[in-house]
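Reviewing the structure listed below.
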Amino acid sequence: MLPEKAIRTVEEHKMFGPGDLVVVGVSGGPDSVALLHWLVSYGRAHDVRLHVAHLNHMLRGEEGNADARWVAGLARQWNLPVTVEARDVNALRQERHLSTEDAARQLRYAFFAQVIKETGARCAAVGHTADDQVETIVLHWLRGAGLAGMRGMLPVMRYKVSDVSEAGVAPLAVIRPLLQVTRGEVEDYLRTYSLEARVDRSNLELVYLRNRIRQQLIPQLLSYNPRFKEATLRSAEIAADDFGFIQREVARVWNDVAREKDDSISFDRRAWSELHPSIERYVLREAVSRLVGDLVGLEAVHIADAMTAIREGRTGSVVTWPRGLRVIVGYDEFTVGYEQPAVEPRLSAEGQPLMVPGETDIVGTNWRVIARVAQSPCVQDANPWHADLDYAKSGSDLSVRRRRPGDRFSPLGMRAEKGLQDFMVDEKVPRSRRDDVPIVVGPRQIVWVAGKRIDDRVKLTPRTAEVLCLTFVERG
């Protein structure tokens, strides 16, 4: 029964206690009305105060406005304070390229965080049930989720919600007292207390994936296993236990591999290479959670793309993630951080002469170029910032500049020339970083696109008498 299961869930997870104020998210639907009614009874017996919160997502026109008025009236009828607001889900969906469901969740949680901040409440209670949990797990499974997703929703979840305070981030604890309660038990509870609820007709529209899962897929799965829902919830408990173990491992290795800054987290690639792939995945997830506050929009494919780029170790590789995040691979480390706004190019277009042999600090950057002439190659394996050139062909009259329109060169292994623009596209150098790629040039040609490829015409051959060894190093 609903009351017994809800009490057990609240007490097992220590969701709130005497004297606490709880914000209750009430849509007007059956689950939230049952939750609010039970909390009123429980609150009177345990000295727990309530504040009703309703958000109009501006998706259903007058029907949504009517729901808002109905919830406000219910709160007044039960002598509860209430906050009702409207926010444009479609505008956020378009701005951040989210699904309607994800955009609605972001705005709803931002709204809850705002109400908690204004009222001094402990947490926000929502009416998710065991049936919602099964639907969520199936949805995550269809999207290829790992252990974290297969846990489904947790009874207590903590978020850092952006755009709700002057500081830019606010804490939010969401509790789900009805997570062990079935939809049938909610309906029985409403009948027992003669409670009315609103019907959201959008829950019947098959254009939404969750609705198709609820109305079409799960009934099919139940035909294969009548106890499919119970089996799914049992699997979620196992996944939660396994995930907890992995999270402890992530916490254990975090300080060994990660260095946190204000808007980015850098990782030592050598230490990273010693991690198990499973731990790598969850360390990346932890980085996003610390930077953004939640994992909305981050999918398994984003993690896989980043892991491939890190494993291949191509310096300068960039993987774009949702929410303005990107992963940038460097020589000794890689960084997870926010996309930086465009800045003026640091490298000169005219070019800065190099001392050959000698050392040259490149103005506007933290690069130092070391040039020396040797009788044999100075090969540095796997260092893309080192090149050995035929000194007789490259000469000593060299400079470093940024790219120019119309630049062409013959990438090593190619006899024909290729446009530098096309080369950078093929090398997946982001447009925003192409002016930061150092170009080493002589009087007649490009000799090295630093970090990428030398020109085929200055490569070493059996007839090479002297070798020009060029190395870019970062100044301390």
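The values are calculated or read from the model by the stated rules, or taken from the named source; none is laboratory data. Everything numeric in this text was worked out from a predicted model, so none of it was measured. Here Cβ is always computed from backbone atoms with ideal geometry, including for glycine, and neighbour counts include all displayed protein chains.
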Q. Which condition number in (1) aliphatic (A, V, I, L, M); (2) in contact (Cβ under 8 Å) with a residue 24 or more places away in the chain; (3) farther than 20 Å from Cys469 by Cα is the one that Val363 fails?
A. (2)
Q: Go through the range 5-61 residue by residue and tally those that are over 20 Å from Lys117 (Cα atoms), of a type in the set (A, V, I, L, M) and surrounded by fewer than 20 Cβ atoms within 10 Å (Cβ to Cβ).
A: 5
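Going through Ala387, Ala392 one at a time, which residue ends up being in contact (Cβ under 8 Å) with a residue 60 or more places away in the chain and assigned to a strand (DSSP E or B)?
Testing whether each residue is in contact (Cβ under 8 Å) with a residue 60 or more places away in the chain and assigned to a strand (DSSP E or B) leaves just Ala387.
Can you tell me which residues in the range 263-307 are small (Gly, Ala, Ser), touching a helix residue (DSSP H, G or I) at 6+ places or on another chain (Cβ under 9 Å) and buried (at least 17 other Cβ atoms within 10 Å of the Cβ)?
Ser264, Gly297, Ala306
Between Arg234, Arg201, which is assigned by TED's automatic domain parsing to the domain that holds Ala72 and basic (Lys, Arg)? First the steps, then the outcome.
Values: Arg234 fails: assigned by TED's automatic domain parsing to the domain that holds Ala72.
Going through Arg234, Arg201 in turn, the sole match is Arg201.
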Q.
When you scan the range 126-141, do you find a residue that is within 25 Å of the chain's Cα centre (by Cα), at pLDDT 95 or above and not in a helix (DSSP H, G or I), even just one?
A. yes
Q: Would you tally the residues in the range 1-43 being part of a helix (DSSP H, G or I), of a type outside the set (Asp, Glu) and closer than 19 Å to Leu195 by Cα?
A: 16
